[in-house]
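Down below is the structure, laid out as structure tokens.
Nothing in this text is a laboratory measurement; each read-out follows from the coordinates by a stated rule. What you see is a predicted model; the values in this text were computed from it and never measured. Here Cβ is always computed from backbone atoms with ideal geometry, including for glycine, and neighbour counts include all displayed protein chains.
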Amino acid sequence: MLWYEIIGIIMIIIGAVFLFLGALGVIRMPDVYNRMQAGTKATTLGALSVIMGVGIYHPAWIFKTGIISLFILLTNPVSSNALARAAHNAGIPLYEETVIDKYAEDKGKTRAEEEKENG
Amino acid sequence: MSSILIIVFSLVSIATLLSTIRIISGPTIPDRAVGLDTATTITTAMIVLFAQIFHRAIYLDIALVYAILAFLGVIAIARYLEGGM
């Protein structure tokens, strides 16, 4: 077994563990936003590690796997941001032990400033 | 190598099953959307693992197209929830 194959297998194992932990967080967390945190960040890292591990294991595939991982790296935060904003605007309540809600403060402040500007 | 791939594929399959449980049992609609987002990302990694198992480079193209369509679907669901559609 060559040295880059060993590196690829180790990266595939690490990525599979991160994928499993991300899905476990989606089950375990109490809130939409906490679930989104677990299910997006850990899953992005896990998918990147698995895909780049396969690309390192087969050096002829490194271009296509690089394109796939770059696409996932660019689009996964965008979709999670859109989902979080949609959930907050749709009025999904936060978990009752949540300490701070900056987005609600921001929306309230902008609304107050608009009212002040309108008189 | 094949035994390691069996362990890896079991872990990824259990992860897909957990996010499917969240899709079925989510109390609100954004919960189901989050489960769908997680499941599609895990499925993209799983298609790349299929390419590794069967030694077919054509499955990487399938993974890329699947990632693009999943991104468009999640964005459409988010716009619908926000009331933009």
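Tell me, A:Asp31, B:Asp31, A:Asp101 in order of fewest to most beta-carbon neighbours within 10 Å?
Sorted ascending by nearby Cβ count, the order is A:Asp101, A:Asp31, B:Asp31.
Can you give me the angle between helix B:2-25 and the longest principal axis of chain B, using Cα atoms only, in degrees from 0 to 90, rounded to the nearest 10?
Result, in degrees: 10.
Write out the chymotrypsin sites (Phe, Trp or Tyr not before Pro) in chain B meeting two conditions: DSSP loop, and at most 15 other Cβ atoms within 10 Å of their Cβ.
none
How are the alpha carbon pair distances in chain B distributed across 5 Å bins from zero to the largest one, expressed in percent?
Cα pair-distance distribution for chain B, in percent: 3, 14, 19, 19, 19, 12, 8, 4, 1, 0.
Between segment A:40-57 and segment B:59-85, what's the alpha-carbon centroid distance in Å?
Measuring centre to centre over Cα atoms gives 19 Å.
Do any GluC sites (Glu not before Pro) in segment A:16-119 lie in a loop, going by DSSP, with at most 16 other beta-carbon atoms within 10 Å of their beta carbon, and if so which?
Answer in residue order: A:Glu96, A:Glu97.
Under the rule a/c < 1.5 gives rounded, and otherwise a/b versus b/c splits prolate from oblate, where does segment A:3-94 land using the Cα gyration tensor?
Cα axes put segment A:3-94 in the oblate bin.
What does the helix-only formula give at 222 nm for chain A: each DSSP H stretch with n ≥ 4 adding -39500 (n - 2.57), the total divided by the residues, and the result rounded to the nearest 500 deg cm²/dmol?
Details: 5 runs with 92 residues, N = 119.
Roughly -26500 deg cm²/dmol at 222 nm, from the helical runs in chain A.
Within 10 Å of each Cβ of A:4-12, how many other protein chain Cβ atoms are there on average? Provide the component values of the computation, followed by the final result.
Working: counts 0, 1, 0, 0, 1, 5, 1, 0, 8.
For peptide A:4-12, the averaged partner shielding equals 2.
Starting at the first residue of segment A:2-12, write each ³J(HN,Hα) from the Karplus equation 6.51 cos²θ - 1.76 cosθ + 1.60 with θ = phi - 60°, in whole Hz, x for Gly and Pro.
7, 6, 6, 5, 5, 4, x, 5, 5, 5, 5
Taking a ≥ b ≥ c as the square roots of the Cα gyration tensor eigenvalues, with a/c under 1.5 meaning rounded and otherwise prolate when a/b beats b/c, else oblate, which class fits the protein assembly as shown?
Numbers: a/c = 2.57, a/b = 2.10, b/c = 1.23.
In terms of gyration-tensor shape, prolate.
Label points 7 Å out from Cα along the Cβ direction at B:Leu69 and A:Leu2: separation in nm?
Between B:Leu69 and A:Leu2, the simple spin-label model gives 3.4 nm.
Could you please rank B:Asp61, B:Asp37, placing first whichever residue has the fewest other Cβ atoms within 10 Å of its Cβ?
B:Asp61, B:Asp37
By count of other Cβ within 10 Å, fewest leading, how are A:Lys64, A:Lys109 ordered?
Neighbour counts put them in this order, fewest first: A:Lys109, A:Lys64.
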